[in-house]
Amino acid sequence: MLILTRKENECILIGNDIEIRITDIQQDQVKVGVTAPKDVMVYRKEIISESVHAGIQEYSRMIKIQHRGIERRMA
């Protein structure tokens, strides 16, 4: 992992076409702007993690329901 120190309005470039800019710093919050080509997907990691977790929970719930149905049919 590369760790960089940046001040407000300073940028980090990734390759030739992705720019990460620190747009605002207030107390414990940093606002970041991302400029990237339209074909590059940019997500907040915690949103993806929540979606994956919710999907896993839903899948587990469905498996439990299916499993209970099998048990009932066998009894």
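Taking each residue of the stretch 26-44 that is farther than 20 Å from R6 by Cβ and looking for partners that are open to solvent by less than 80 Å² (accessible area, probe 1.4 Å) and not hydroxyl-bearing (S, T, Y) with beta-carbon atoms closer than 8 Å, six or more apart or interchain, yields P37/I18; V40/I18. Consider the stretch 1-21 and keep the residues that are without any contact (Cβ under 8 Å) to a residue 12 or more places away in the chain and under 26 Å from K38 (Cβ atoms). The one that is surrounded by the fewest Cβ atoms within 10 Å (Cβ to Cβ) is L2. Looking only at residues that are more than 20 Å from L4 (Cα to Cα) and open to solvent by 100 Å² or more (accessible area, probe 1.4 Å) in the stretch 45-55, which one is modelled with the lowest pLDDT? Looking at residues that are more than 20 Å from L4 (Cα to Cα) and open to solvent by 100 Å² or more (accessible area, probe 1.4 Å), I get H53.
The values are calculated or read from the model by the stated rules, or taken from the named source; none is laboratory data. Source: prediction; values computed, not measured. Don't worry about glycine lacking a Cβ; one is built from the backbone with ideal geometry, like all the others, and counts go over all protein chains shown. Areas reflect the complete protein model, heavy atoms only, side chains present, ligands, DNA and RNA absent. Shrake-Rupley method; radii C 1.70, N 1.55, O 1.52, S 1.80 Å.
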